[in-house]
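Just so you know, all these numbers are worked out from the coordinates, no wet-lab data involved. Predicted, not measured: the structure shown is a model, and the values here were computed from it. All Cβ positions, glycine included, derive from the backbone under ideal geometry; neighbour counts span all protein chains shown.
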Amino acid sequence: MDTFKVLEIKESVFEDNDQQANLLREELKKTKTFLLNLMSSPGSGKTTTVLRTIEVLKDEMKIGILEADIDSDVDAQAVAKTGTKVIQLHTGGMCHLDADMTKQGLLGLGTEDVDFVILENVGNLVCPAEFDTGASKNAMILSVPEGDDKPLKYPLMFSLVDILLINKIDAIDYFDFDLEAVKSRVKKLNPNIKIIPVSAKTGEGFTEWADWIRREVKNWNENEI
Ligand SMILES: Nc1nc2c(ncn2[C@@H]2O[C@H](COP(=O)(O)OP(=O)(O)OP(=O)(O)O)[C@@H](O)[C@H]2O)c(=O)[nH]1
Ligand SMILES: [Mg+2]
């Protein structure tokens with residue numbers, strides 16, 4: 001028997017997504033729930049990163065996961081195996097989540113006993129960046145095999161997020177991927193961004209990533225938006 005719900009989320013009826021997003025952030029602030037929106041292209045390693053993040057932080061935080069996909073429940077199944085609270089969201093063909101859809105997911109998950117939620121957004125390097133989900137912070141992954149030119153071709157997501165994980169760094173010797181060029185391209189778009197090279201496969205970089213999460217969760221619970 002499945003240990004998680006699959007929720008078919010409805011397209012939002014709200015016209016002003018930014019307003020909905022701000023309202024959701026205020027609610028999350030009141031309930032001391034830190035919501036991290038994790039975005040990237042399909043296959044760059046979101047679920048693998050979620051699984052390793054759970055492994056590192058599960059003993060110190062109550063974690064919940066929202067898995068958003070157009071179809072299937074393989075990602076929620078992988079998370080459910082760890083015993084972590086998870087819900088699978090189906091977007092009905094949409095390639096992003098907006099604030100109202102995210103709120104429907106959070107209601108389905110139930111956040112009373114959760115203090116850190118990761119929303120694995122739909123795999124897409126463009127659409128998800130166009131909608132504020134109401135998240136406390138936004139993170140993205142660029143993986144080495146995708147190429148170092150992606151910040152030049154798809155600048156929006158890189159310019160909006162708080163942190164960039166450069167994943168599959170274990171595979172860098174097999175690709176023409178100029179790490180320093182990526183860093184400088186991204187910093188030009190977003191001077192305050194934090195960049196961490198990681199491998200969700202080997203765990204490289206996850207101490208720094210976990211430290212960033214701990215710090216942001218603490219800030220979220222102690223400071224004003
Ligand atoms: N070598 C290497 N492979 C990785 C790493 N992280 C993920 N992978 C592999 O990349 C593939 C895709 O990883 P996922 O975690 O499913 O990627 P995703 O972003 O969740 O994919 P979607 O949900 O389909 O968008 C899998 O075969 C992973 O094992 C890594 O750090 N190094
Ligand atoms: Mg995934």
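Quick rundown of the values:
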quantity	calculated
Relative contact order of the chain, defined on C-alpha pairs under 8 angstrom at six or more residues apart (%)	25 percent
The range 16-106, relative contact order [Cα under 8 Å, separation at least 6], %	31 percent
In the range 76-183, the GluC sites (Glu not before Pro) that fall in loop regions by DSSP, at most 16 other Cβ within 10 Å	Glu112
Rounded Å value of the spacing that divides the Cα centres of the range 19-73 and the range 159-212	19 Å
Helical mean residue ellipticity (222 nm; -39500 (n - 2.57) per DSSP H run of 4+; nearest 500) of the chain	-11000 deg cm²/dmol
Radius 15 Å from Cβ of Leu23, net charge of other residues (Lys, Arg +1; Asp, Glu -1)	-4
Residues Ile118, Ile169, sorted so that the one with the fewest Cβ neighbours within 10 Å comes first	Ile169, Ile118
Contact order normalised by residue count of the range 85-128, Cα under 8 Å, 6+ apart, percent	53 percent
Charge context of Val198, other residues only, Cβ under 13 angstrom, K/R +1, D/E -1	+1
Average projected area [Cα convex hull, the range 17-114], square nanometres	6.3 nm²
Partners for Lys150 among lysines (Cα-Cα distance below 21 Å; same-chain residues under 8 apart left out)	Lys46, Lys168, Lys183, Lys187, Lys188, Lys194
Candidate lysines - alpha carbon under 18 Å from Lys5, same-chain residues fewer than 8 apart omitted	Lys81, Lys85, Lys103
Rough spin-label spacing in nm, given labels placed 7 Å along Cα→Cβ, for Lys30 and Leu189	3.6 nm
Sparsely packed GluC sites (Glu not before Pro) within the range 12-72, loop by DSSP, other Cβ within 10 Å at most 15	Glu15, Glu60
Dimensions in Å of the range 9-222 - Rg and Dmax from alpha carbons	16.2, 48
